[in-house]
Amino acid sequence: MARVIVGLSGGVDSSVAAYLLKEQGHEVIGLFMKNWHDDSVTISNECPWLEDSNDAMLVAEKLGIPFQTVDLSEQYKERIVDYMFEEYKNGRTPNPDVLCNREIKFDVFLEIALSLGADFVATGHYCRKDSIQKNDQTIYRLLAGIDTNKDQSYFLCQLSQEQLSKALFPVGELTKPEVRTIAAQQDLITAEKKDSQGLCFIGKVRLPEFLQQQLQPKEGVIVEIPYNSSVYNMEEPEFNSTKDRLHWLSRKTSYQPQDGKLVGKHQGAHYFTKGQRKGLAVGGTPLPLFVIETDVETNTIYTGQGSDHPGLLRSALFVKSKDVHWIREDLALNIDGELKVKARIRYRQPLQDATLYSTESGLYVVFNQPQSAITEGQFVAWYHNDELLGSGVIS
């Protein structure tokens, strides 16, 4: 049997992961990652690391496995928090959970585990892994979790073959209720514990306040663009090439303040993201206002009424070559290649029919149906059936 180091987070999923591995006869060690200890920015006791590390320790004690804490807060600040600040400053919306898995759990943490003689690291993610043989090579596949309501494969969309080869996901074959039942049967302290919300390892934060540590408030205007604005009346032109058409489909609509009317003020365009509805503090509209675009250069927020406002919808997106990542490197598209896939642009979004088009400059993802709030800095992930093939940062 293998030596497996489990990332014990103090939650029910990793607790049950550790229990299952021990039942299978593995040598299991629990390791708690302390990645953040600035409580001044959290808004609830939802995810205080002290309580979590205590719960993780009690679970390890109950299961009779060794336990220790590692402080990765320096790497977490460098690789996740600083990156987040930089992205928001540039008017993009990062996904810290995806980055956290790529940069912390399956990189820094994995290295520590391997230095302790581990064969694998395990987490409480709701996803599955298997392997196939192809051209005398072992290829690892990342599959959706059995519980479609909890599937977390999207958060692991940036893992490499090397990282996947060392990963175990013991709860991926179970549903959340089954996991809670096992935890209760084993009398684990985490059995009834609520799932943590908010940023990976930081907990619930008021994003503007969190960002204000680095990004100064700056008053700007909120402009409302009418549903029937002439900026949306562009006829699809004639194209000389497929690439030109793809470029046109994935383009962003550009707005000027004179395209709409001034409806309010805000304290910084970099605090807002596309598709956002709360926090605008503008009332009196028949339908709710949504952010349809932010311009950090001019510090302007553009909004539109209703979730079907044309400013929210787009049918294609682009990923630069350097940001295209294939988990299944053997399936990576050659230039001018195309592939029909299912794709999602955010966690828990139902999978959408789409086609990938590979070009010299990067990858276009064209959806059969227009998508709401395609947001720069977020990840698009593409699947075949329940296998996640690859992902990329939306440009």
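Is it the case that Ser229 is of a type in the set (Ser, Thr, Tyr), crowded, with 16+ Cβ neighbours inside 10 Å and under 20 Å from Ile394 (Cα atoms)?
Criteria not met by Ser229.
I'd like the residue in region 349-373 that is within 26 Å of Pro96 (Cβ to Cβ) and without any contact (Cβ under 8 Å) to a residue 24 or more places away in the chain and, out of all such residues, is nearest to the chain's Cα centre (by Cα).
Here the residue is Gln349.
Which strands (runs of 3 or more DSSP E) does region 237-329 wholly contain that include 3 or more residues that are closer than 30 Å to Ser131 by Cβ?
Strands (runs of 3 or more DSSP E) meeting the threshold: 324-326.
Suppose we filter region 329-353 for residues that are within 30 Å of Thr138 (Cβ to Cβ) and touching a Lys or Arg at 6+ places or on another chain (Cβ under 7 Å); how many remain?
2
Can we say Leu199 is modelled with pLDDT under 95, touching a Pro at 6+ places or on another chain (Cβ under 6 Å) and not hydroxyl-bearing (Ser, Thr, Tyr)?
Yes, satisfied.
Look at Gly117 and say whether it is outside the structural domain of His270 (by TED's automatic domain parsing), in contact with a strand residue (DSSP E or B) (Cβ under 9 Å, 6 or more places away or on another chain), surrounded by fewer than 18 Cβ atoms within 10 Å (Cβ to Cβ) and part of a loop (DSSP other than H, G, I, E, B).
Considered against the rule, which asks whether it is outside the structural domain of His270 (by TED's automatic domain parsing), in contact with a strand residue (DSSP E or B) (Cβ under 9 Å, 6 or more places away or on another chain), surrounded by fewer than 18 Cβ atoms within 10 Å (Cβ to Cβ) and part of a loop (DSSP other than H, G, I, E, B), Gly117 comes out as yes.
Yes/no matrix, rows are residues, columns are (1) over 29 Å from Asp323 (Cβ atoms); (2) assigned by TED's automatic domain parsing to the domain that holds Lys62; (3) surrounded by 22 or more Cβ atoms within 10 Å (Cβ to Cβ); (4) of a type in the set (Ser, Thr, Tyr):
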{"residue": "Asp107", "(1), (2), (3), (4)": "no, yes, no, no"}
{"residue": "Leu110", "(1), (2), (3), (4)": "no, yes, no, no"}
{"residue": "Gln133", "(1), (2), (3), (4)": "yes, yes, no, no"}
{"residue": "Arg141", "(1), (2), (3), (4)": "no, yes, no, no"}
{"residue": "Gln152", "(1), (2), (3), (4)": "no, yes, yes, no"}
{"residue": "Leu156", "(1), (2), (3), (4)": "no, yes, yes, no"}
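Output the qualifying pairs, or none if there are none: Cβ atoms under 7 angstrom, residues six or more apart or on different chains, first residue in region 103-125 and on the phi > 0 side of the Ramachandran plot, second residue surrounded by fewer than 22 Cβ atoms within 10 Å (Cβ to Cβ).
From residues that are on the phi > 0 side of the Ramachandran plot, the pairs are Gly117/Arg3.
Kindly provide the set of residues from region 342-383 that are in contact with a Leu (Cβ under 8 Å, 6 or more places away or on another chain), assigned to a strand (DSSP E or B) and not hydrophobic (A, V, I, L, M, F, W, C), ordered by number.
If the condition is that a residue be in contact with a Leu (Cβ under 8 Å, 6 or more places away or on another chain), assigned to a strand (DSSP E or B) and not hydrophobic (A, V, I, L, M, F, W, C), then Lys342, Arg344, Thr355, Tyr357, Ser358, Tyr364, Pro370, Gln371, Ser372, Tyr383 are the ones that fit.
The values are calculated or read from the model by the stated rules, or taken from the named source; none is laboratory data. Computed from a predicted model, the values in this text were never measured in an experiment. Here Cβ is always computed from backbone atoms with ideal geometry, including for glycine, and neighbour counts include all displayed protein chains.
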